[in-house]
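The values are calculated or read from the model by the stated rules, or taken from the named source; none is laboratory data. Quick caveat, the model's predicted, so the values are computed rather than measured. Note that we place each Cβ from the backbone using ideal geometry, even for glycine, and neighbour counts take in every protein chain shown.
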Amino acid sequence: MIIKNGQVFTQKCGFEEREVRISGSLFTDQKNPEDEQEVIDAAGCYVIPGLTDIHVHGCNNQDFCDADAEAIGNFAAYEASKGITAICPTTMTIPEKRLLKIAETAAQYCEMAEKNSAAHAKEAVFAGINMEGPFISPDKKGSQEKSDIRKPDAGFIREMLAKSGGKICLVDIAPEMEGAEELIREMKNKVTISIAHTNADYETARHAMELGVHHVTHLYNAMSAYDHRAPGVVGAASDDPQCMVELICDGVHNHPAVVRNTFRIFGADRVVLVSDSMRATGMPDGIYELGGHKVHVNGKRALLEDGTIAASVTNLMDCMKTCVQEMQIPLETAVQCAAVNPAKSIGMYDRFGSISAGKLANAVLLDCRTLEVRKVILRGIVL
């Protein structure tokens, strides 16, 4: 396959008109007559890498915590159809037995997808599991269930790794919790550890980063506030040049001015756009469930019965577009933060995240005027 006449996103995070060649499931820089039989004219389009959402609970009335292999497939197919070609389905603070069942189901799904790749060809790459809980602070639990919170426990992470076939890639913790330091020391080289749902002060968060934590979950949301005398997690993250921060740009979780200032503080290399989307994404307004709680969805807002923001109902592609069209973030920056940085943050940039020879041929054609998705290419196949 050859994609011609498009404005292609480069490894320098800019755009240039050039050809993109695909051989089988991978990008290539080699000319092969067989690959030239299918030509896509991308005139009037940007050609960007497929997006990677490392924090996504569900969509299309599916939730990862349902522990259903078929539902994971439907979930992944919806994401791929929107140009999100790799995902880290995300758990919540729920009972241990349910978490272990989810891990087993994920392993079953990945085995099925590997054995019968044709049947799963339209489903986003399952990059790994994001464990958002149960090692969080009761003070900043958000829509998580307080009774299921537990102390950080490296042994349980090992159980989850075993049950999932090694598919745990992100583990969220509140660093002020008893046992957090031990978990960080033991697991920091096995998974990406992220600070989340925390009331940690600057010093506690900074200490966790010195121990090896260089990721923060949905910055500003469910954490200690950024104050001029008590800068909290946000201040600690800004002081750690290795720390990457997730940012929800759905137009609800964070004000546009906060988003712009976050980019000024952290720079384009350290921001990771995430959706934090729940099962109501892609569905009509109504009442849905998240972590055992009723969620009232109206437009872009998903609220618990007490008015707390529950999660997002906006997929990552639409978050990226909102970032550009409503928050004045340059397109090339938004693409970097939705495609390149997420893959880097989970150690998978060698597999996907850029239009580079040898990587999975995941790409999206966006209309240059509207940023609407015109085509999605997943593992070298046009969806």
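Given the conditions (1) over 14 Å from Ile3 (Cβ atoms); (2) over 18 Å from the mean Cα position of the chain (by Cα); (3) surrounded by 21 or more Cβ atoms within 10 Å (Cβ to Cβ), and given that Asn341 satisfies all but one, which numbered condition is not satisfied?
(2)
What strands (runs of 3 or more DSSP E) lie completely within region 80-174 and have 1 or more residues being farther than 22 Å from Asn189 by Cβ and under 22 Å from the mean Cα position of the chain (by Cα)?
84-89
Can you tell which of Glu79, Glu96, Glu132, Glu114 is more than 29 Å from Gly286 (Cα to Cα) and touching a residue at least 12 places away in the same chain (Cβ under 8 Å)?
Numbers: Glu79 fails: more than 29 Å from Gly286 (Cα to Cα); Glu132 fails: more than 29 Å from Gly286 (Cα to Cα); Glu114 fails: touching a residue at least 12 places away in the same chain (Cβ under 8 Å).
Answer to the check: Glu96.
For Gln11, which of the numbered conditions (1) exposed (fewer than 14 other Cβ atoms within 10 Å of the Cβ); (2) of a type in the set (S, T, N, Q); (3) in contact with a strand residue (DSSP E or B) (Cβ under 8 Å, 6 or more places away or on another chain) fails to hold?
Among (1) exposed (fewer than 14 other Cβ atoms within 10 Å of the Cβ); (2) of a type in the set (S, T, N, Q); (3) in contact with a strand residue (DSSP E or B) (Cβ under 8 Å, 6 or more places away or on another chain), the lone unmet condition for Gln11 is (3).
Residues to consider are Thr308, Thr314, Thr322; find the one that is surrounded by fewer than 20 Cβ atoms within 10 Å (Cβ to Cβ) and more than 22 Å from Thr28 (Cα to Cα). Show your work before the answer.
Values: Thr314 fails: surrounded by fewer than 20 Cβ atoms within 10 Å (Cβ to Cβ); Thr322 fails: surrounded by fewer than 20 Cβ atoms within 10 Å (Cβ to Cβ).
None of the other options fit; the residue is Thr308.
Can you pull out the residues in region 27-73 that are within 17 Å of the chain's Cα centre (by Cα) and polar (S, T, N, Q)?
Thr52, Asn60, Gln62, listed by residue number.
Which residue pairs have Cβ atoms closer than 9 Å, lie 6 or more positions apart in sequence or on different chains, and pair a first residue in region 223-251 that is farther than 27 Å from Gly347 by Cβ and at pLDDT 95 or above with a second residue that is assigned to a helix (DSSP H, G or I) and among the acidic types (Asp, Glu)?
From residues that are farther than 27 Å from Gly347 by Cβ and at pLDDT 95 or above, the pairs are Pro231/Asp239.
Between Gly291, Gly358, Gly347, which is at positive phi and buried (at least 24 other Cβ atoms within 10 Å of the Cβ)? Step through it out loud before you land on a result.
Working: Gly358 fails: buried (at least 24 other Cβ atoms within 10 Å of the Cβ); Gly347 fails: buried (at least 24 other Cβ atoms within 10 Å of the Cβ).
None of the others qualify; the one that does is Gly291.
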